[in-house]
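Below you'll find the structure, written out as structure tokens, and then a few comments.
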Amino acid sequence: MKHSGDLSAWIKKAASDAGFDLSGIAPVQDFPDLTYFPEWIAAGRAGEMKYLESRNDAGELRRASLRSVFPWARSVVVCAINYNTAHPYSTEVSDSTRGWISRYAWSREDYHDSVLRRLHELEAKLKETCGDETPIETRSYVDTGPVVERVYAKYAGVGWLGKNTCVINQKIGSWLFLGVIVTSLELTPDLPAPDRCGTCTRCIDACPTEALIAPYELDSNKCISYLTIEKRGTIPDELRDGMGHQVFGCDICQDVCPWNRKAPSTDKPEFQPREGLVNPALAWLAEISEEEFREKLHGSPIKRAKRSGLRRNALIAIGNSGENGLLPVVERACRDDDPVIADAARWACRQIQTKSTPA
Ligand code: SF4
């Protein structure tokens, strides 16, 4: 090993040099929070997100036990980067002809790429400092590994798991991208971050679709982020009202969190918004062409919703706006070949008519 001092402290310094705002180390353990995960899956709370249910040969959920996937794993280095930018929150925007895209998706580069690039830089430095005489195993992940990153973030002291289920750091809030390096190194772990939600219930009270069914418990089937990004096909009627003007993701439970009131803004260029993605015109999104979708959103996480999903979401937001001026857009969409679009458009049409009819 080329490094002779405190390797854990060295890793945190190297993480900071790679551009991470926070980092910490958690031991690989079957934490109590992880036993909750199989119960959450079994209760159907993950909706159609089948990738969360990937299992090993023994039929165990891969994300529930890191040791069962990587018997060599001893520590997890958790890194976090602030993506908050100096732009309005969704709760501050009032133009009803415009939609809301979750702030994590405004970035110029897909965060998976920008976070993974930094993790690989850190991973390479770590291997170099350990040298050939101390071979180590490492794996870096951003959302894709057999790791419940949020739980390891808590035990690495990066932040506590709020009642809104987000990782919240006492100093910089919850606008955080997480990445992890799983390693065979026995590193000195950090202390878990203490829960600082206290008696607050703002996020639970503010969620328009009541997706936070209890403190710390999310039903994805009702979550606007899930509905607008992961859910394919039609969205249940009873949840459409609550979606408001959200067209991709939702920031409400983080916007209302007091720990984000003083969240600092990042000056990293790749997290600054692309033109047109902060508060985009609903009419534009509802009629976005294949070509525009491909070109304007190239490399953006928004592409995950697919063009059909984004148009569907925009039509529901138009219905919620009650804007008569958007009726021509909706009427054209009623004749769309895609049944999901036509269904959302017919619903939007009825909503606008109802909202514009004097009581
Ligand atoms: Fe915790 Fe309140 Fe923030 Fe919800 S809004 S995560 S209860 S501090």
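Taking Cβ separations below 4.7 Å as the criterion for a possible disulfide partner, the isolated cysteines in the chain are C79, C130, C166, C197, C200, C207, C223, C250, C257, C334, C349. Counting other Cβ atoms within 10 Å as a rough exposure proxy, the listed residues E133, E270, E123 run E133, E270, E123 from fewest neighbours to most. For I316, neighbours were defined as the other residues whose beta-carbon sits under 11 Å from its Cβ, and their charges (Lys and Arg +1, Asp and Glu -1) total 0. Packing here is the average count of other Cβ atoms within 10 Å per residue, and on that basis the peptides 198-204, 347-353, highest first, run 347-353, 198-204. Here R202 and S356 are evaluated by their C-beta separation; at R0 = 35 Å the FRET efficiency comes out at 0.60.
Across region 123-138, coupling constants 3J(HN,Hα) worked out from phi with the 6.51/-1.76/1.60 Karplus curve, θ = phi - 60°, read 4, 5, 5, 5, 5, 5, 5, 6, x, 5, 6, 10, x, 10, 9, 8 Hz, and Gly and Pro carry x. Taking the fewest neighbouring Cβ atoms within 10 Å as the starting point, the ordered list for K154, K306, K125 is K306, K125, K154. Take the Cα of E137, step 7 Å toward its Cβ, do the same at H112, and the gap between the two points is 2.4 nm.
Residues in region 346-354 carry Karplus couplings, in order, of 4, 5, 4, 4, 4, 4, 5, 4, 4 Hz; the curve used is 6.51 cos²θ - 1.76 cosθ + 1.60 with θ = phi - 60°, and Gly or Pro positions show x. Ordering of 76-84, 226-234 by packing is 76-84, 226-234, highest average first (other Cβ atoms within 10 Å, averaged per residue). Put simply, region 145-257 fits an ellipsoid with semi-axes of 29, 17, 11 Å; these come from the alpha carbon gyration tensor as the roots of five times its eigenvalues, largest first. In sequence order, region 16-23 has phi-based couplings of 5, 4, 7, x, 7, 7, 9, 7 Hz under the Karplus curve 6.51 cos²θ - 1.76 cosθ + 1.60, θ = phi - 60°, and Gly or Pro positions carry x. Below 8 Å between Cα atoms, with a sequence gap of 6+, how large is the relative contact order for region 53-198 in percent? Once divided by the residue count of region 53-198, the mean separation gives 36 percent. For region 243-359, averaging the sequence separation of C-alpha pairs within contact (under 8 Å, six or more residues apart) and dividing by the residue count gives a relative contact order of 29 percent.
Among 67-75, 177-185, 22-30, 141-149, sorting by the average number of other beta carbon atoms lying within 10 angstrom of each residue, highest first, gives 177-185, 22-30, 141-149, 67-75. This ranking places T85, T35 by how few other beta-carbon atoms lie within 10 Å of each, fewest first, which gives T35, T85. Could you list which residues have their amide H under 5 Å from that of L176, counting only those 5 or more apart in sequence or on another chain, with H placed in the peptide plane? Answer set, sorted by chain and number: Y83.
A cut-off under 13 angstrom between Cβ atoms defines the neighbours of E295, and their net charge, with Lys, Arg +1 and Asp, Glu -1, is +1. Quick one: net charge around S94, please, counting Lys, Arg +1 and Asp, Glu -1 for every other residue with C-beta under 15 Å from its C-beta. Result for the local shell: -3.
Each reported figure results from applying straightforward, stated rules to the coordinates on display, with no laboratory input. Computed from a predicted model, the values in this text were never measured in an experiment. All Cβ positions, glycine included, derive from the backbone under ideal geometry; neighbour counts span all protein chains shown.
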